[in-house]
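The values are calculated or read from the model by the stated rules, or taken from the named source; none is laboratory data. Keep in mind that what you see is a predicted model, and the values were worked out from it rather than measured. No Cβ is skipped: glycine too gets one built from the backbone with ideal geometry, and neighbour counts run over all protein chains shown. Protein only, heavy atoms only, side chains kept; ligands, DNA and RNA dropped before computing areas. Shrake-Rupley method; radii C 1.70, N 1.55, O 1.52, S 1.80 Å.
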Amino acid sequence: MVSSPSSHSFFKLLKNTVIAVSGDAGRKDFFTAKGLDINEGFKVLSGAIPMLPGVTSDLQARRITLIHKRLSAIQNSEHLSKLLPKIVGDADRVIRSWQSGTLDPFDVIPKLCFQTTVRSLACSELADDENIVARLKKLYDNLDSSTTPASVLFPWFPSPSLISKLYSTKKIYDIVNRVIDQRIQSGIPQDDTLQMLVDNADDKLVILGFIMGLLVAGARSTGVTASWLITFLGTHPHWKNQAYEEVREVLSSAYSDSDSDPKFTSSGFMTSKSATTASALSTIPIDVWENKMPVLDSLIRETLRIAQPHTAMRRNMGPDTFISGARVPSGAYVVYPFSDVHLNPELYPDPYRFDPGRPKHEMPFAYVGWGAGTTICLGQRLARLQLKIMMSLMLLDTDFLIVDKTGSIPNPLPSPNWNDALTCRPPRDSCLLRFSRTEEDHQKYSPKASC
Ligand code: HEM
């Protein structure tokens, strides 16, 4: 078992003690210690989540617990099965709107993801209106770009970035608050996530916190991961081909006992009855998406290892505690940068190389892409489904490749920039998506259900 030594750094951020944890033992203690609170850690150290005095900044633990409970409910298999065709439909529509040519993957892919996230976490009034989705996306991007070292260090100082952040948060609030009010007042039910929140008679702060807070995860984590997934596929033809074969195989099996006898040809599934790729993907059961796509799983896993420059943040809300021998006073902040484990060459030789075939480590906490210990990502089922749907549509219906601004294969290949803690995007124009549609007749599949 490889083990890296612990060597923590202590520093002061204004009056606060901050301890940056490192090493295997420290990581294990960090993720399992009682008393370390993620919400308190984020409040002060992140500065990039929408905080509106009296609204999202005052969500007590009880409300946060309720939000997490609702998030779990919208990811049960029944709800995900209902969401599946809607997410596929949204993704298909957005991809169809792209012109063949050269696109910036770090622009178009996050927008694509955001559309499906609004659909999944909010309501049809917002998701059906592409102008509002675009507006919300811009506002969330603005929250990210107005997070500066000064806004984190001096959150009370009315700097231009603080004002810009408050402005964006207020605008997001206005949009979300309006649709919630309209839905409640109209009394007309819809088949969406907002309805589930309204039907549970949750208080307004919970509904607002759910939508405003969780959309951040989709705007940021899922969007960044998706951009890098497509970038890696577009630069690693072997893995692109493996992924394509897997999705094709899943669709073939879904249709194997169909009496319409589909045949996969160079231009797709040919059957006597017809359907689009999107409608065919919509019939794949959630269980298959989740458990029968090992290649897509390993692509997601390796992408998170190499392209998620996250720093986990906590505050010690309990009594003094110890992290691999170092005392963490009550009230102190503790941070753990994921680079410490995911880019450790002893655990991951040649750590910047994208290799989804790497063996998984037996050592506990050697991989923290979805969190670990007491803090595991609570949106994981939804995020994985979104990522797989988007990859499947791109693989089956489009042809894509990553090029540089001269149109050549980039040399060196694009590599995540860990100094950009939010998006780790490569320099502009160094990584472009050359894209065209391959699916022209839109009438190639015959869903098993209709046979
Ligand atoms: C590819 C996309 C995503 C990735 C890679 C990701 C990753 C993570 C990670 C690493 C953590 C733990 C953070 C820490 O320990 O500091 C986390 C926590 C969390 N994630 Fe995600 N996430 C993603 C998408 C989402 C989405 C779409 C949602 C909501 C719909 C979500 C909701 C949450 C929540 C609520 C927590 C906090 C859990 C807690 O407080 O115990 N995530 N996520």
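Quick notes on this structure:
- Each residue was assigned an accessible area with a 1.4 Å probe, and for Phe322 the value is about 120 Å².
- Heavy-atom accessible area per residue - the stretch 165-252, 1.4 Å, Å²: 38 Å²
- At R0 = 56 Å, FRET efficiency that the Cβ-Cβ distance of Asp404 and Gln195 yields, to 0.05: 0.75
- Each Lys and Arg adds +1 at its Cβ and each Asp and Glu adds -1 at its Cβ; summed about the Cα centre, the stretch 350-410 shows a dipole of about 220 debye.
- In nm, spacing of pseudo-spin labels at Thr32 and Ser330 (7 Å Cα→C-beta vector): 2.5 nm
- If the segment from Asp320 to Lys82 were pulled out straight at 0.36 nm per residue, it would be longer than the present Cα-Cα gap by 81.0 nm.
- Rolling a 1.4 Å probe over the heavy atoms of the protein chains gives the stretch 327-409 an accessible area of 40 Å² per residue.
- Three-way shape call for the stretch 210-253 based on the alpha-carbon gyration tensor, with the a/c threshold at 1.5: oblate
- Using equal-weight Cα scatterers in the Debye expression, the normalised intensity of the stretch 314-451 in log10 at q = 0.17, 0.21 Å⁻¹ is -1.25, -1.46.
- Bridgeable aspartates and glutamates around Lys111 (alpha carbons under 20 Å apart, same-chain partners fewer than 8 residues away excluded): Asp90, Asp92, Glu125, Asp128, Asp129, Glu130, Asp141, Asp144, Asp397, Asp399, Asp420, Asp429.
- Whole-percent carbon and sulfur share, accessible surface of the stretch 304-451, 1.4 Å: 53 percent
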